[in-house]
Amino acid sequence: MTVYTAVKTIAKSQGKSIYRIERDLGFGNGMISKWNKSIPRADKLQAVADYLGTTPQYLLRLAKEEE
């Protein structure tokens, strides 16, 4: 699993879309989907984790577990 997939999984369980997260946090359209192939900046990952009520460590652990 990638960081993007981990974010998407948690967002879906909360009824939120990736588009809504990007819009609410002021990110560019498609920025989170780029995490499918790259590692996010720490500040961006922290913002998404805060938005979803989790921690960056949890998101990274979830992404790593499914590799």
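The values are calculated or read from the model by the stated rules, or taken from the named source; none is laboratory data. The structure displayed is predicted, hence computed values, not measured ones. As a convention, Cβ positions derive from the backbone with ideal geometry for all residues, glycine included, and neighbour counts pool all protein chains shown. What goes into the accessible areas is simple: the full protein's heavy atoms, side chains included, and nothing from ligands, DNA or RNA. Shrake-Rupley method; radii C 1.70, N 1.55, O 1.52, S 1.80 Å.
For the reader, a short list of remarks on this structure follows.
- Residues located in region 19-52, provided they are assigned to a loop (DSSP other than H, G, I, E, B), open to solvent by 40 Å² or more (accessible area, probe 1.4 Å) and either touching a residue at least 12 places away in the same chain (Cβ under 8 Å) or acidic (Asp, Glu) (or both): Met31, Lys37, Ile39
- Test for Met1: is it in contact with a helix residue (DSSP H, G or I) (Cβ under 8 Å, 6 or more places away or on another chain) and open to solvent by less than 50 Å² (accessible area, probe 1.4 Å): no
- Only one of the numbered conditions (1) closer than 15 Å to Ala11 by Cα; (2) in a helix (DSSP H, G or I); (3) modelled with pLDDT of 95 or more is violated by Ala63, and that is (3).
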